[in-house]
Amino acid sequence: MSHFPTKRWRLKPSPDPEAVVTLKHDRCPDTAAKLLAQRGIADPASASVFFRPALAQLHDPFLMADMSKAVERVERALGENERIMVYGDYDVDGTTAVALVFSFLSRFTGNLTFYIPDRYAEGYGISYQGIDHAVKDGVSLIIALDCGIKSIDKVAYAAERGVDMIICDHHRPGDELPAAVAVLDPKRDDCPYPFKELSGCGIGFKLMQALAEHNNIPLTDLLPLLDLVAVSTACDIVPVNGENRVLSHFGLKQLNEEPRPGIRSMMHMANVKKQLSITDLVFTIGPRINAAGRIEHGRQAVELLLSHDQKQADQIALRVDGNNVQRQALDKEMTLDALDRIAGDEALREAWSTVVFNDTWHKGVIGIVASRLVERHYRPTVVLTESNGKAVGSARSVKGFDVYEAINACSDLLEQFGGHMYAAGLTMALDQVGPFRERFEQVVRSTIAPHMRIPEEEVDLEISLKDLDQPLVRVLHHMAPYGPANMRPVFLTRGLVDTGNARLVGDDHIKMSLCHPDEPKRWFDAIAFKQGRHLELVKSGLPFSVLYTVEENEWNGRRTVQLNIKDIKPGVDDLLVQEIPATDLVQESH
């Protein structure tokens with residue numbers, strides 16, 4: 001198995017000094033003011049909006065193209081007691097969206113059903129089987145969530161059978177929009193909606209917000225639904241800025257103060273006894289919801305999220321947790337197999353991309369395995385298996401490289417594909433796997449920039465341990481929720497030593513206490529996950545430099561600061577630190 005690649009450290013540009021001076025005051029020290037200025041917060045007014053998310057900051061849902069048409073059609077369906085199907089994909093975003101829309105609409109009608117396609121029999125998105133099921137069930141309106149923006153043929157097929165569709169999607173549209181009653185997607189070229197990066201569940205929420213507004217229902221009545229929006233925003237890795245920051249803030253508040261029975265069950269299964277953060281949603285709640293669709297059926301996740309009865313939720317959660325354990329075992333086994341295949345094949349070892357195929361791999365886990373291979377080999381990666389006589393795959397990318405466009409350049413070899421810059425899915429005939437591997441490698445070699453082939457850690461600021469005082473820690477606490485576009489700040493501190501406590505714990509983690517050699521009494525506990533390879537350096541007594549985030553641990557009512565080490569390098573000079581060009585900091589489109 002190969003070693004993890006060496007990372008390059010790149011320093012973000014220095015913030016605007018005028019903005020720093022404007023922001024600085026007793027409760028916002030110099031370091032905190034620099035962090036805010038770096039994130040485009042230039043004055044106290046914008047800092048106030050950032051630190052005090054409010055429902056009033058949410059945009060008018062009717063600014064979204066087709067929203068009036070969508071509300072009008074849902075109102076007609078409710079008024080005439082039509083049967084409505086809430087249709088969503090089998091992943092976290094799709095299942096949370098279905099649970100949200102279903103639970104809100106159930107306030108007005110009982111003539112409601114939901115549908116999640118089978119990952120293996122139907123695949124991603126709207127399916128002909130799903131439409132046939134709707135027709136058989138007497139459905140006349142389908143609200144499709146987190147899918148459908150490219151389902152031109154399926155929407156036409158539904159219309160022929162007397163079924164109207166409202167599409168709520170957040171993926172990039174193709175050249176043509178489906179002929180649905182309404183297509184809600186801020187990424188439409190003609191959509192004036194000011195925030196483009198909502199999750200699929202977020203789009204579903206905006207439709208419910210519009211319905212609530214239309215019916216004079218106060219926005220505060222929708223607060224209990226925001227837990228689902230927070231889970232989808234976290235797990236679909238959309239930017240946690242703008243409107244998503246507001247939705248996530250109130251969603252986390254709901255999750256931590258009054259979690260729905262299904263979430264409470266999952267927290268219990270995962271032994272979570274602290275306040276949930278975006279990171280906890282990504283690594284604790286998300287994998288369990290996803291495991292239902294990967295191992296059994298996504299319907300299970302929706303039933304868990306809709307459950308009002310704690311006992312019933314506990315029973316479903318037990319099954320979902322079992323699916324997650326099975327998923328973890330499959331993931332580990334398949335990753336080892338894929339790494340062995342790469343190690344044993346010279347062409348794959350030397351390639352600039354990874355395309356691996358095994359017809360026995362479990363389709364539900366190939367996306368996770370693709371992510372593991374990127375972690376290990378750091379290159380654009382496609383993992384393929386066989387399903388229904390076709391090769392189906394999941395692609396993952398490296399920072400800055402658009403894997404969706406690379407796959408698009410191979411589209412003549414494919415039957416279908418979809419996704420975005422960093423993750424995509426694709427289907428091809430089995431005999432196209434070899435040609436696809438060759439073409440994809442050619443495309444990557446000819447389009448990837450040299451710096452994209454080396455993993456990097458972005459450094460917000462270089463500081464001394466002296467700067468880690470209470471006012472800074474307090475500001476860092478209030479900068480949450482963290483996530484893409486508002487990541488937890490990464491600091492660089494040079495010339496540290498361990499106080500003599502460094503040891504390996506758990507699965508190759510180093511636990512240590514760090515200080516400057518001239519200030520041995522001012523030390524911080526630190527943990528370096530999966531970095532056992534650095535233990536010798538840490539224990540050597542020689543100074544080294546670290547990149548880290550600052551986190552707070554709560555134990556028996558006492559809060560302590562811990563440094564979460566991202567990377568370690570020997571010495572204090574020549575750390576390859578360079579400023580990132582400002583153009584590289586632009587948020588890539590989802």
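The values are calculated or read from the model by the stated rules, or taken from the named source; none is laboratory data. Please read these numbers as outputs of a predicted model, since none were measured by experiment. Using ideal geometry, Cβ is built from the backbone for each residue, glycine included, and neighbour counts are taken over all protein chains shown. Areas reflect the complete protein model, heavy atoms only, side chains present, ligands, DNA and RNA absent. Shrake-Rupley method; radii C 1.70, N 1.55, O 1.52, S 1.80 Å.
The set of residues from the range 176-206 being farther than 16 Å from LEU145 by Cα, acidic (Asp, Glu) and either surrounded by 22 or more Cβ atoms within 10 Å (Cβ to Cβ) or touching a helix residue (DSSP H, G or I) at 6+ places or on another chain (Cβ under 7 Å) (or both) comprises just one member, GLU176.
Candidates ALA37, ALA33: the one that is of a type in the set (Gly, Ala, Ser), in contact with an Asp or Glu (Cβ under 9 Å, 6 or more places away or on another chain) and either modelled with pLDDT under 90 or surrounded by 17 or more Cβ atoms within 10 Å (Cβ to Cβ) (or both) is ALA37.
Report every pair of residues separated by at least 6 positions or lying on different chains whose Cβ atoms are under 8 Å apart, first residue within the range 119-130 and closer than 13 Å to SER151 by Cα, second open to solvent by 40 Å² or more (accessible area, probe 1.4 Å) and charged (D, E, K, R). From residues that are closer than 13 Å to SER151 by Cα, the pairs are GLY125/LYS150; GLY125/LYS154; ILE126/LYS154; SER127/LYS154; TYR128/LYS154; GLY130/GLU122. Within the range 298-319, the only residue that satisfies the criterion of being part of a helix (DSSP H, G or I) and either aromatic (Phe, Trp, Tyr) or closer than 24 Å to THR385 by Cα (or both) is ARG299.
Can you name the residue in the range 469-507 that is over 30 Å from VAL238 (Cα atoms) and assigned to a loop (DSSP other than H, G, I, E, B) and is also nearest to the chain's Cα centre (by Cα) among such residues? The qualifying residue nearest to the chain's Cα centre (by Cα) is GLY506. Inclusion of VAL238 among residues that are touching a residue at least 24 places away in the same chain (Cβ under 8 Å), among the aliphatic types (A, V, I, L, M) and not in a loop (DSSP other than H, G, I, E, B) is not warranted.
Residue-wise test of (1) of a type in the set (A, V, I, L, M); (2) under 28 Å from the mean Cα position of the chain (by Cα).
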site	(1), (2)
ARG341	no, no
GLY344	no, no
VAL356	yes, yes
VAL365	yes, yes
GLY393	no, yes
GLY419	no, yes
MET428	yes, yes
PRO435	no, no
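Being open to solvent by 10 Å² or more (accessible area, probe 1.4 Å) and of a type in the set (S, T, N, Q) is the filter here, so list the residues in the range 351-367 that pass it. ASN358, THR360, listed by residue number. The residues of the range 432-464 that are in contact (Cβ under 8 Å) with a residue 60 or more places away in the chain and charged (D, E, K, R), listed by number, are ARG437, GLU441, ARG445, ARG453, GLU456, GLU457, GLU458, ASP460, GLU462. Is at least one residue of the range 144-151 open to solvent by 50 Å² or more (accessible area, probe 1.4 Å) and more than 23 Å from the chain's Cα centre (by Cα)? Within the range 144-151, not a single residue is open to solvent by 50 Å² or more (accessible area, probe 1.4 Å) and more than 23 Å from the chain's Cα centre (by Cα). The listed residues are PHE440, PHE417, and the only one of them that is part of a helix (DSSP H, G or I) and either among the β-branched types (Val, Ile, Thr) or surrounded by 15 or more Cβ atoms within 10 Å (Cβ to Cβ) (or both) turns out to be PHE440. Candidates are the residues of the range 41-83 that are at pLDDT below 95 and in a loop (DSSP other than H, G, I, E, B); the one that is surrounded by the most Cβ atoms within 10 Å (Cβ to Cβ) is ILE41.
Applying the criterion of being part of a loop (DSSP other than H, G, I, E, B), open to solvent by 60 Å² or more (accessible area, probe 1.4 Å) and in contact (Cβ under 8 Å) with a residue 12 or more places away in the chain to the residues of the range 247-290, the residue that is farthest from MET208 (Cα to Cα) is LYS274. One residue stands out in the range 84-118 among those that are open to solvent by 30 Å² or more (accessible area, probe 1.4 Å), in a loop (DSSP other than H, G, I, E, B) and in contact (Cβ under 8 Å) with a residue 24 or more places away in the chain: the one that is nearest to MET208 (Cα to Cα), namely PHE108. Sort out which residues of the range 301-350 are open to solvent by 30 Å² or more (accessible area, probe 1.4 Å) and touching a strand residue (DSSP E or B) at 6+ places or on another chain (Cβ under 6 Å), and write them in order of number. Passing the criteria: only ARG341. Looking at LYS136, is it more than 28 Å from GLU213 (Cβ to Cβ), out of contact with any helix residue (DSSP H, G or I) (no Cβ under 6 Å at 6 or more places or on another chain) and open to solvent by 10 Å² or more (accessible area, probe 1.4 Å)? Here the answer is yes, as LYS136 does meet what is asked. Of the residues making up the range 493-512, those that are closer than 22 Å to VAL572 by Cα and hydrophobic (A, V, I, L, M, F, W, C) are LEU496, VAL497, ALA502, ILE510, MET512. Any residue in the range 95-115 that is basic (Lys, Arg), touching a Lys or Arg at 6+ places or on another chain (Cβ under 8 Å) and under 27 Å from THR233 (Cβ atoms)? Within the range 95-115 (the criterion being basic (Lys, Arg), touching a Lys or Arg at 6+ places or on another chain (Cβ under 8 Å) and under 27 Å from THR233 (Cβ atoms)), the answer is no, since none of the residues qualifies. Give the residue that is modelled with the highest pLDDT, with candidates limited to residues of the range 548-590 that are more than 22 Å from MET487 (Cβ to Cβ) and in a loop (DSSP other than H, G, I, E, B). Once the filter is applied, the top-ranked residue is GLY571.
Residue by residue, here is whether (1) surrounded by fewer than 16 Cβ atoms within 10 Å (Cβ to Cβ); (2) more than 21 Å from TRP9 (Cβ to Cβ) holds:
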{"residue": "SER446", "(1), (2)": "yes, yes"}
{"residue": "PRO450", "(1), (2)": "yes, no"}
{"residue": "LEU476", "(1), (2)": "no, no"}
{"residue": "PHE491", "(1), (2)": "no, no"}
{"residue": "GLU554", "(1), (2)": "yes, yes"}
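Give the range 119-131 a look and list any residue that's open to solvent by 40 Å² or more (accessible area, probe 1.4 Å), touching a helix residue (DSSP H, G or I) at 6+ places or on another chain (Cβ under 9 Å) and not in a loop (DSSP other than H, G, I, E, B), or say none. Passing the criteria: only TYR128.
Please verify whether LEU535 is free of Cβ contacts under 8 Å to residues at least 60 places away in the same chain, of a type outside the set (Val, Ile, Thr), surrounded by 13 or more Cβ atoms within 10 Å (Cβ to Cβ) and not in a strand (DSSP E or B), treating the condition exactly as stated. Considered against the rule, which asks whether it is free of Cβ contacts under 8 Å to residues at least 60 places away in the same chain, of a type outside the set (Val, Ile, Thr), surrounded by 13 or more Cβ atoms within 10 Å (Cβ to Cβ) and not in a strand (DSSP E or B), LEU535 comes out as yes. Looking only at residues in the range 371-392 that are free of Cβ contacts under 8 Å to residues at least 40 places away in the same chain and open to solvent by less than 10 Å² (accessible area, probe 1.4 Å), which one is farthest from TRP352 (Cα to Cα)? Ranking the candidates gives THR385 first.
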